[in-house]
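Structure, as structure tokens:
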Amino acid sequence: MPIPDSSVPERGRPAHHVDGRVIAQLSLVQKVRLLTGADGWTLHGEPTVGLRSVVMSDGPAGVRGRRFDRDNPSSSLPCPVALAATWDVALVEQTTRALGEEARARGVDVLLAPTVNLVRTPLSGRGFECFSEDPLLTARMAVAYVRGLQAVGVAATAKHFVANDSETDRRNYDARVAESVLRELYLAPFEACVLEADVALVMAAYNSVNGAPMTANAELVRGLLKDEWGFKGVVVSDWSATKTTGPSARAGLDLVMPGPGGPWGDHLLTAVRTGLVSEAEIDDKVVRLLHLAGWLGAIGNGHLPSQESSPSRVDPTLLRELTARSFVLLRNHRNLLPLTTSGVRRVAVIGPNAVAPQKQGGGSVRVFPVVRPGIIDSLRGALGNEAKVSLYQGCLTWATIPAPTDGSLIDPVSGEPGVRVEVRNASGATVSDAYLPSSAVTWWDGLPDAVNRPGTEVVMRANYHPKTDGGYVVGAAGIGLLRVIVDGVRATEAITLPPRDTVEALSRPPEVRVPVRLEAGRKVELRFEHYPDVRGREGFVTMRLGIAPEPDEDRLMAEAVEAARSAEVAIVMVGLADGTESEGYDRETLALPGRQDELVTRIAAANPNTIVVVNSGMPVLMPWADDVAAILQVWYPGQAFGEALADVLTGAAEPGGRLPVTLPRAEADSPVLRAHPQAGEVVYAEGLLVGYRGYDRKGSTPLYCFGHGLGYTDWTYESLTPATVSISADDALSVAVKLRNAGERAGREVVQLYLEGPDDDASRPLRSLAGFALVHAEPGQTVEARVTVPPRTFARFDAQLGEWTAHPGTYRLHAGRSSRDLKLAAEITVGRR
Ligand code: BGC
């Protein structure tokens with residue numbers, strides 16, 4: 001981050017002289033106060049030096065603001081792995097610039113994004129929030145992300161430093177990773193954020209690395225990040241991650257979040273007074289915070305960041321285009337896609353993710369999204385009035401009974417679709433009684449803060465109007481005592497226990513279910529009484545009330561198969577359900593939940609024109625892959641899901657994505673699968689052989705390899721120059737790849753370079769991504785992709801010497817369409833320094 005050198009308090013510009021004078025005006029007590037948050041999302045101001053409070057908010061797939069806000073929804077971006085699937089750094093930077101403008105309009109100074117951990121295992125609950133399994137692709141995306149945000153004066157936070165690559169027991173595990181592996185893989189994206197993008201903050205992770213918690217890891221935080229890389233910004237703890245006073249303060253952590261309270265404050269004052277932590281160390285932290293505040297324009301004008309009533313948002317057209325470019329066309333047998341819009345009359349859209357499309361993964365990344373046209377409406381719009389588009393569920397995947405989406409759950413007081421929520425304190429007095437539009441709520445999207453006090457009772461009430469006679473099931477979810485009362489009669493009561501990670505409570509709270517028989521048109525009164533268990537979990541109260549007809553999956557499936565049989569095209573939308581993939585826990589299996597594999601197989605048997613749309617953040621198994629006509633991986637696409645899908649299916653847009661992660665054929669093929677800590681340790685035993693590097697070394701064939709993705713045109717790779725060259729170990733290498741659009745429509749191609757050699761060391765990858773470039777060409781046009789390969793590509797980290805050393809020899813540089821579709825090669829001889 002630029003060192004402030006002027007006194008103009010304008011955001012995004014160097015803004016304040018932080019010199020001895022400002023520090024000298026602050027007492028030790030004032031200084032220490034600044035080093036812990038004022039609350040969950042804001043920092044303390046200090047009026048005596050004109051410092052206002054700084055506001056933080058979660059990302060990376062949008063800007064939430066301080067809480068979910070239904071009246072002020074946020075732009076919802078494709079999840080980061082989808083951003084990386086575009087391989088388009090310019091587009092990502094353009095998007096995060098716009099995201100930065102939205103953050104500013106929401107009064108947000110610091111975005112807690114991007115997540116630059118690597119996808120070490122496809123089961124990682126938070127893999128969708130990372131960019132890729134490859135450090136180079138991750139670094140390029142991360143740098144673009146940070147530059148876009150910071151260009152408009154919003155501070156970015158590279159998180160979670162470091163080796164927070166899985167979620168199981170994330171607050172406690174110790175990642176055991178060799179130093180060379182850390183340097184070459186896991187640290188590389190952080191290094192790029194610091195050295196190339198001047199990232200403003202780095203967030204210290206929950207986990208430990210090689211024995212020391214990351215909030216108190218002197219070697220990596222002070223030694224590497226600050227001393228070696230020269231990071232001048234603020235190291236903030238992950239939320240509630242800091243467990244110590246002296247060790248964390250001495251190791252280089254600057255800011256403890258959230259506040260108030262926590263292990264610093266008075267404890268830190270005492271540590272300074274007793275000489276355990278020096279005042280110079282405190283001053284260094286304060287200087288960093290003041291630099292940040294100066295850069296944000298938070299010193300000198302004293303005003304809170306303004307919050308506009310109707311904030312600027314990311315242009316929906318930009319998001320629609322970006323989203324289409326993130327979709328990866330994995331298979332396109334007989335060129336079924338794009339659909340010819342004029343010829344298609346009957347389209348059956350089938351599957352649990354067609355009924356409940358998953359736009360976002362779970363956890364702190366979630367926003368309350370801007371609503372755009374849905375899948376069915378978008379398809380109808382794109383296919384025209386002649387086409388009949390119908391929707392079938394096929395099978396069920398939900399983890400908790402969903403609330404009906406047709407407005408049939410009604411607040412008994414206002415008569416509006418939604419619920420009534422009354423909060424009573426421990427003495428039984430009503431502290432709040434309000435209408436809420438949704439029966440799935442948490443403290444941060446509508447429940448008043450009072451729910452966090454022990455002894456509180458929350459009563460949710462709604463009337464339900466069934467449309468058919470028959471068996472139904474009511475679900476009530478939360479943590480603590482749950483009681484369900486149907487038409488005044490207590491139906492069930494249970495106590496549920498908190499999951500290990502607080503965020504899990506929000507993403508998939510435990511549920512009780514009650515079967516009921518209902519008559520069409522006869523209203524039923526539902527009452528859900530909840531005594532939340534808030535011990536040590538303030539701020540994580542969640543409640544969900546759902547009701548649905550008792551599922552008859554055989555019937556749902558039979559209907560879907562019948563519909564597919566009589567349609568010209570079947571679009572089967574499968575994937576993960578709400579709560580399957582989330583921060584706070586890892587998935588247990590790569591298999592699709594429920595009977596989705598059976599559904600796809602039966603639909604494909606009924607209709608040869610079956611297109612499968614896979615709606616998941618991380619890889620899922622596709623045992624039916626060779627039996628269907630087309631497969632499109634769409635990740636969590638955010639608000640533009642429907643629009644972008646219709647564009648891609650009908651050819652208005654080309655699916656531009658290439659896989660940033662390998663898709664395995666079988667679980668056992670994945671180089672790393674379960675990352676459950678053993679005796680508290682997660683051992684990175686695979687070393688450098690993560691993702692495609694592991695598959696290549698083992699010689700195993702993935703279902704779809706890293707870098708794979710078909711567009712709607714064909715490409716002929718013509719030349720790679722220079723074909724042979726000798727360079728010195730200090731030189732960057734410039735290469736040019738000529739390629740021709742050999743198809744019939746304009747298209748985009750991601751030209752990928754992979755480096756192999758110079759020797760064959762079994763502990764090292766056979767080849768790794770060395771660069772990439774994006775080209776666009778009209779049919780028949782030849783274009784040139786230019787890529788610069790930096791000298792670091794030819795170096796390795798020597799743990800003995802503790803430095804990067806050049807590795808001379810003769811390498812092969814491949815250019816191709818994916819990590820397994822290599823078209824051209826050059827010979828590069830690297831000399832000594
Ligand atoms: C997550 C962070 C997030 C923070 C604040 C933590 O649990 O790991 O990524 O920024 O919460 O919501």
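The values are calculated or read from the model by the stated rules, or taken from the named source; none is laboratory data. These numbers were taken from a predicted model, which means no experiment stands behind them. In this analysis, Cβ positions are derived from the backbone assuming ideal geometry, glycine residues included, and neighbour counts consider all displayed protein chains. Keep in mind that these areas ignore ligands, DNA and RNA; they rest on the heavy atoms of the full protein, side chains included. Shrake-Rupley method; radii C 1.70, N 1.55, O 1.52, S 1.80 Å.
Observations, loosely collected:
- Heavy atoms of Arg250 accessible to a 1.4 Å probe, total area in Å² rounded to 10: 90 Å²
- Helical contribution to [θ] at 222 nm, DSSP H n ≥ 4, -39,500 (n - 2.57), averaged over the chain, rounded to 500: -6000 deg cm²/dmol
- Comparing Ala591, Val221, Val349 along the charge dipole axis of the chain, the residue lying farthest to the positive side is Val349, per the Cβ-charge model.
- Percent accessible area from carbon and sulfur atoms, the chain, protein chains only, probe 1.4 Å: 49 percent
- Gyration tensor (alpha-carbon) shape descriptor, the stretch 485-548, a/c threshold 1.5: prolate
- Between the stretch 732-799 and the stretch 684-718, the alpha-carbon center distance in angstrom: 14 Å
- Here the stretch 646-805 is assigned +1 on the Cβ of each Lys and Arg and -1 on the Cβ of each Asp and Glu. Its dipole about the Cα centre then comes out at about 200 debye.
- Shape call, the chain: gyration tensor on alpha carbons, a/c limit 1.5: oblate
- When Leu673, Leu801, Leu645 are compared by accessible surface with a 1.4 Å probe, the order from highest to lowest is Leu801, Leu673, Leu645.
- Of the beta bridges in the stretch 74-219, as assigned by DSSP with both residues counted there, near 20 percent are antiparallel.
- Mean projection area, nm², convex hull over Cα of the stretch 255-411: 18.3 nm²
- For the stretch 420-517, a simple Cβ point-charge model (Lys and Arg +1, Asp and Glu -1, everything else neutral) yields a dipole of about 220 debye relative to the Cα centre.
- Lys/Arg +1, Asp/Glu -1 at C-beta; the stretch 367-500 dipole; positive extreme among Met460, Gly394, Ser438: Gly394
- Given +1 at the Cβ of Lys and Arg, -1 at the Cβ of Asp and Glu and no other charges, the dipole of the stretch 149-194 around its Cα centre is 140 debye to the nearest 20.
- Pairs exceeding a 30 Å alpha-carbon distance, out of Lys159/Lys823; Lys388/Lys523; Lys159/Lys243; Lys698/Lys823: Lys159/Lys823; Lys388/Lys523.
- Whole-number percent relative contact order across the chain, with pairs defined as alpha carbons under 8 Å at least 6 apart: 15 percent
- Rounded to the nearest 5, the antiparallel percentage of DSSP beta bridges internal to the chain is 70%.
- Across the stretch 451-514, the relative contact order, built from alpha-carbon pairs under 8 Å that are at least six residues apart, equals 32 percent.
- Contact order relative to length of the stretch 87-189, as percent, for alpha carbon pairs under 8 angstrom and 6 or more apart: 37 percent
- Prolate/oblate/rounded call for the stretch 671-750, Cα gyration tensor, a/c under 1.5 rounded: oblate
- The Cα center of the stretch 194-252 and the Cα center of the stretch 96-152 differ in position by 18 Å.
- Protection proxy ranking, peptides 411-421, 815-825, average beta carbon neighbours within 10 Å, highest first: 815-825, 411-421
- Of the GluC sites (Glu not before Pro) in the stretch 666-773, those whose Cβ has at most 13 other Cβ within 10 Å and which sit in DSSP loop: Glu744
- Rolling a 1.4 angstrom probe over the protein heavy atoms with all chains in place gives the stretch 177-282 an accessible area of 32 Å² per residue.
- Leading residue at positive end of dipole, the stretch 774-828 (Cβ point charges), from Val783, Trp804, Ser818: Ser818
- Solvent exposure of the stretch 433-486, expressed per residue, is 31 Å² of accessible area, with all protein chains present and a 1.4 angstrom probe.
- Accessible area in the full protein assembly, largest first, 1.4 Å probe, for Ser240, Ser700: Ser240, Ser700
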